[in-house]
Amino acid sequence: LTHVLAQENVPAEAQALRLLARGARGSMRDALSLTDQAIAFGSGHIAEAAVRLMLGSVDRSYVFQLIDALARGDGKTLVDTVDVLRLNGLSGASTLEDMSAVLQRMAGLQAVQQRAAAAAVDASDPDAAEVLRLAALLPADETQLLYSICLHGRGELGLAPDEYAALTMVLLRLLAFKPEGAAALAPPAEKKTLNTPEPMVPAPDVVPVAQAAAPAPAPLAPTAAA
């Protein structure tokens, strides 16, 4: 897209082209079609804000804010940010899709050493530094868990009567499954006292009364020889 637009002398912001490329999902034909729409939408200039509005994409700052709040276990910021998305009419589905893309990049950075991850940062990508910061802030296992929750939660939005309420529940689900959060919020285990049974005292040998009162049998008299 950069090469084509340079040949056509159409100014374009790098981040706007990233949005168009991601929206095309690997199809160059779709990418060119979206680019034509972006040129018309932006009156000959392709800007990130206009492309986000055209595609219904969520500003990455909200996505970074949500992931940062999840890493810190800040449920209030999560709810407040979803309210801002609701007021601005931003898509909950796009929010989860963008979060999944950022989490995938974070997982890739977490899989390599910190020095190698810093060297792999693309200087031309304005989101790279923030992704690297979040990768160091969120544990790798929670990154994997949140990625899975975002993928599965994406399918739940259409089932809920309120898209933003469903988005809030999806985001709060990670807080419910955070290892340290779960330990802190769990009610103390109730102590259960085992009732040890009293030792059984063997009963004394009791002779039945009828048996005790019965006389001993008399010996048989000898029989006389014939």
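The values are calculated or read from the model by the stated rules, or taken from the named source; none is laboratory data. Predicted, not measured: the structure shown is a model, and the values here were computed from it. We place every Cβ from the backbone using ideal geometry, glycine too, and count neighbours over all the protein chains shown. Quick note on the areas: whole protein, heavy atoms, side chains included, nothing else; ligands and nucleic acids left out. Shrake-Rupley method; radii C 1.70, N 1.55, O 1.52, S 1.80 Å.
Summary of values
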{"quantity": "Hey, Val10 touching a residue at least 24 places away in the same chain (Cβ under 8 Å), surrounded by 11 or more Cβ atoms within 10 Å (Cβ to Cβ) and not in a loop (DSSP other than H, G, I, E, B) or not", "calculated": "no"}
{"quantity": "Unique match (being of a type outside the set (Lys, Arg), over 27 Å from Ala140 (Cβ atoms) and either in contact (Cβ under 8 Å) with a residue 24 or more places away in the chain or touching a strand residue (DSSP E or B) at 6+ places or on another chain (Cβ under 8 Å) (or both)) among Leu53, Leu19", "calculated": "Leu19"}
{"quantity": "Test: residue in segment 28-40 that is closer than 26 Å to Glu156 by Cβ and outside any loop (DSSP other than H, G, I, E, B)", "calculated": "no"}
{"quantity": "Members of segment 72-83 that are surrounded by fewer than 19 Cβ atoms within 10 Å (Cβ to Cβ) and either touching a helix residue (DSSP H, G or I) at 6+ places or on another chain (Cβ under 7 Å) or small (Gly, Ala, Ser) (or both)", "calculated": "Gly73, Gly75, Thr77, Val79"}
{"quantity": "Breaking point among (1) more than 18 Å from His3 (Cβ to Cβ); (2) crowded, with 20+ Cβ neighbours inside 10 Å, for Ala38", "calculated": "(1)"}
{"quantity": "Which numbered condition Val63 fails, given (1) crowded, with 19+ Cβ neighbours inside 10 Å; (2) modelled with pLDDT under 90", "calculated": "(2)"}
{"quantity": "Residue list for segment 69-114, restricted to those being more than 17 Å from Leu172 (Cβ to Cβ), of a type in the set (Val, Ile, Thr) and modelled with pLDDT of 90 or more", "calculated": "Val102"}
{"quantity": "Extreme residue, most open to solvent (accessible area, probe 1.4 Å), among residues of segment 41-58 that are closer than 16 Å to Leu20 by Cβ and outside any helix (DSSP H, G or I)", "calculated": "His45"}
